[in-house]
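The structure under discussion appears below in the form of structure tokens.
The values are calculated or read from the model by the stated rules, or taken from the named source; none is laboratory data. As the structure is a computational prediction, the values presented were derived from the model and not from experiment. Every residue, glycine as well, gets a Cβ built from its backbone with ideal geometry; the counts of neighbours run over all protein chains shown. For the accessible areas, the whole protein counts, side chains as well, though only heavy atoms, and no ligand, DNA or RNA atoms are used. Shrake-Rupley method; radii C 1.70, N 1.55, O 1.52, S 1.80 Å.
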Amino acid sequence: MCDRMIRALAITVASTALMFASPIAGQTPKKYSPPRTPWGDPDLQGVWNDATSTPLQRPGTLGGKEVLTDEEAADFQATLAHELTRDRRGGGPEIDVNRAYNDHWMDARRLKITADRRTSLIVDPPDGRIPPLLPLSPERQQARAARSAAAARFQAGLPDDYTDFSLPVRCIIRTDSPPYLPTIYNNDFQIVQSPGYVTIAPEMIHSARIIPVDDRPHLNRALRQWLGDSRGHWDGPTLVVETTNFRGDDGVIFQNANPASFKITERFNRVAADSLNYEFTVEDPTTWTRPWTALIPWNKIDPDEQMYEYGCHEDNFDIVHFLTGARKREKSGEGR
């Protein structure tokens, strides 16, 4: 198929997708009124999906361009369809193995950009980029160096013990800690409500954030949790959730921000029957030069589709195998 035909097909597909897309993120339809629960709260319940190929940060090559044209959006999605497919062979054995099986496990929704064709999920700062990082304190530099050394030992097949494994590898925490960002699969979130509480259960891993919405204060700052301490309230139809008190383990917070000063504020606003805007602002005056905000559209999935339990390390002996192999490599002289 010639390039002209490919481009024409891509433009047709993208244009069709945009015609039937949910309302543009950030714009609330004037006549839409969110449904209410039996006790009167805005109803956010259901299973939602946040998959998109729109990058978190605007690519540097786009400069100040905030929105793609129809043709640019079509080209971008056509390129992604080729580059992201796991069915594609070629590039050598190592690259082929890294693609992992085939496209069966991947979320096909990830190939689409947001309906408004934004060039980044970040909406503030205006340049669509994460603000510059501040210098790390000596203590945080030391912790970062220790984590890097542990990762190097793991990659070399010579971990000292289980703590050399990252938290995701140990199935403790992955993308279930806020902020919620799109990934290659398991992009669903189930929201369940009851009087005084909202619960968010991500498809990835096994956590559920149980968020009180009764104006109770945060926990004592000394009590820290894997998912932080979340407190919510309603701002009109919007659920506002403030989370602090994250554990200090490396990898718990996005970009390894400082748990002692990190705060994330999330806003869940249902803008249509099948569309919800998820907006979050992160603040950490010891990590970034200023707060920053991203906006990600969540789309309600087919009622016949459901989430299944994510079993990670249950009955999984890989850590034992990893450590056994490492000790054998040491005895044979490998890694010296």
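Residue by residue, here is whether (1) part of a loop (DSSP other than H, G, I, E, B); (2) surrounded by 12 or more Cβ atoms within 10 Å (Cβ to Cβ); (3) among the hydrophobic types (A, V, I, L, M, F, W, C); (4) touching a residue at least 12 places away in the same chain (Cβ under 8 Å) holds:
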residue	(1), (2), (3), (4)
GLY91	yes, no, no, no
SER120	yes, yes, no, yes
VAL123	no, yes, yes, yes
PRO131	yes, yes, no, yes
PRO135	yes, no, no, no
GLU139	no, no, no, no
ARG144	no, yes, no, yes
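Tell me which residues, restricted to the range 60-78, are open to solvent by 70 Å² or more (accessible area, probe 1.4 Å) and in contact with a helix residue (DSSP H, G or I) (Cβ under 7 Å, 6 or more places away or on another chain). Of everything in the range 60-78, those that are open to solvent by 70 Å² or more (accessible area, probe 1.4 Å) and in contact with a helix residue (DSSP H, G or I) (Cβ under 7 Å, 6 or more places away or on another chain) turn out to be ASP70, GLU71. Of all the listed residues (ALA10, ALA81), the sole one being assigned to a helix (DSSP H, G or I), surrounded by 15 or more Cβ atoms within 10 Å (Cβ to Cβ), at pLDDT 50 or above and not acidic (Asp, Glu) is ALA81.
Residue-wise test of (1) surrounded by fewer than 13 Cβ atoms within 10 Å (Cβ to Cβ); (2) not in a strand (DSSP E or B).
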{"site": "ASP249", "(1), (2)": "no, yes"}
{"site": "SER261", "(1), (2)": "yes, yes"}
{"site": "TYR278", "(1), (2)": "no, no"}
{"site": "VAL282", "(1), (2)": "no, no"}
{"site": "THR286", "(1), (2)": "no, yes"}
{"site": "GLU309", "(1), (2)": "yes, yes"}
{"site": "HIS321", "(1), (2)": "yes, yes"}
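Filtered by the rule that a residue be modelled with pLDDT of 80 or more and over 15 Å from GLN190 (Cβ atoms), the range 302-321 gives GLY311, CYS312, ASP318, ILE319, VAL320, HIS321. Residue under question is ILE210, and the condition is that it be part of a strand (DSSP E or B) and surrounded by fewer than 15 Cβ atoms within 10 Å (Cβ to Cβ); does it hold? So ILE210 passes the test. Report, by residue number, each residue of the range 93-118 that is open to solvent by less than 70 Å² (accessible area, probe 1.4 Å), touching a residue at least 40 places away in the same chain (Cβ under 8 Å) and assigned to a loop (DSSP other than H, G, I, E, B). Result: MET106, ASP107, ILE113, THR114, ALA115, ASP116, ARG117. Being among the β-branched types (Val, Ile, Thr), over 26 Å from PHE317 (Cβ atoms), assigned to a strand (DSSP E or B) and open to solvent by less than 50 Å² (accessible area, probe 1.4 Å) is a property that VAL240 has. Looking only at the range 173-207, how many residues end up being open to solvent by less than 20 Å² (accessible area, probe 1.4 Å), within 11 Å of the chain's Cα centre (by Cα) and free of Cβ contacts under 8 Å to residues at least 60 places away in the same chain? Going through the range 173-207 one residue at a time, the tally reaches 2.
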